[in-house]
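Working notes, beginning with the structure itself.
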Amino acid sequence: MDVFSIKFVSDNTAIVNFYSLFDKNATHVANTEDFKVIFNDKGEGIFSFNEDGWGNSGTGVIKLLKDQIEVDIKLKRNQEYSNLYCIFGGKQK
């Protein structure tokens, strides 16, 4: 299960967190630390993270659309765990 958390702290700034659960008991979780995203006047915010708990990092864009939020993440995978655990990558709404 992939989860995206966003909490606005001002009109254009939010605290964001991503995490993915890999089994029903949540024994393997990939999770970014909370990080700040500043949105431009088009509702787009660029971000990066250095760690998801499994050595993966990445960059991405969050777009605030009319009735939904779009997240696009480009992962840089840790070679040791890349096929096992990481937060979600690609585009999701």
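The values are calculated or read from the model by the stated rules, or taken from the named source; none is laboratory data. Model, not experiment: these values are computed from the prediction. Cβ: placed from backbone, ideal geometry, glycine included. Neighbour counts: every protein chain shown.
Side notes on the structure shown:
- In region 16-50, the qualifying residues are those that are surrounded by 14 or more Cβ atoms within 10 Å (Cβ to Cβ) and not in a strand (DSSP E or B), and the one that is modelled with the highest pLDDT is 43.
- Output for region 3-38, where each listed residue is under 9 Å from the mean Cα position of the chain (by Cα) and under 20 Å from residue 77 (Cβ atoms): 3, 4, 17, 18, 19, 31, 32
- Any pair with Cβ under 8 angstrom, 6 or more apart, that starts in region 67-93 at a residue that is within 20 Å of residue 42 (Cβ to Cβ) and modelled with pLDDT under 75 and ends at one that is outside any loop (DSSP other than H, G, I, E, B) and of a type in the set (Lys, Arg): none
- Qualifying residue in region 54-61 (condition: under 14 Å from residue 15 (Cα atoms) and crowded, with 17+ Cβ neighbours inside 10 Å): no
- When residues in region 51-64 are screened for being modelled with pLDDT of 95 or more and assigned to a loop (DSSP other than H, G, I, E, B), 0 of them pass.
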